[in-house]
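Here the structure is laid out as structure tokens; the discussion comes afterwards.
Rule-based calculations on the coordinates, nothing more; no lab input. Keep in mind that this is a model prediction, so the values were computed, not measured. Neighbour counts are summed over all protein chains in view; Cβ atoms, including those assigned to glycine, are modelled from backbone coordinates with ideal geometry.
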Amino acid sequence: MTLRVAVCDDQLLVRAGFRVLIDTTDGLEVVGEAGTGREAVDLVRHSRPDVALMDVQMPELDGIEATRLLLGGPDPVPSRVLILTTFDLDRYVFEALRAGASGFLLKDTPPGELLRAIEVVAAGEALLSPRVTSRLVAEFTRRPAVAAHAAERLAGLTVREREVLVLVARGLSNTEIAAALHLSVATVKAHVGRLLMKLAARDRAQLVIAAYESGLMTPGAL
């Protein structure tokens, strides 16, 4: 199956480079380009790509707000958003994931890693590199006020579901979780599916947020 990708960046040369890279890779194709945040919203709503590469710095609307408009509200699109930026700043990481983005990469990421990131995000996995995760943890330590409310969200989880959530928050794949808990991969997938439903989470990135906000995961627990 071919993965459909939207490229949203205000620099024409960057968009052209991404298009060539993606269109010359088997199993991937670009369905459209956008140069502003407003164009990005229109493009993604119209074309419904599997993944939207979204730059943070764009005119009209920035990539964070465009992501929030696409993935929030009563009519969210089914597309995954992969945030791309030249700025390695804490607030971008936190705000992008809170807006519903499934991943966050710097633009100096090697081409092969970018292509893999598209596939990972399209599959519903969170893309959080160790560098990004460390910033995410630091952000949560500065937001203790959300912990009490977030902890209430976990009240309906079983002991096993909490164990799976901790391992998801540590960045383990389903296969790695299965090995750690001596379960089948199918059973782990079922647990993750129930976690997504119970916590009203879009994907694994938001499960990570729930784990840290609730205090189930704490800095240093990685």
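Structure summary
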{"item": "Normalised per residue, the volume of the convex hull around the Cα set of the stretch 144-213 (Å³)", "result": "77"}
{"item": "Approximate spin-label separation Asp23-Asp42, in nm, with each point projected 7 Å along Cα-to-Cβ", "result": "2.1"}
{"item": "Inter-site label distance for Lys107 and Ala179 at 7 Å from Cα along Cβ, in nm", "result": "3.7"}
{"item": "R0 of 35 Å, Cβ-Cβ distance Ala200-Ala16: FRET efficiency to nearest 0.05", "result": "0.35"}
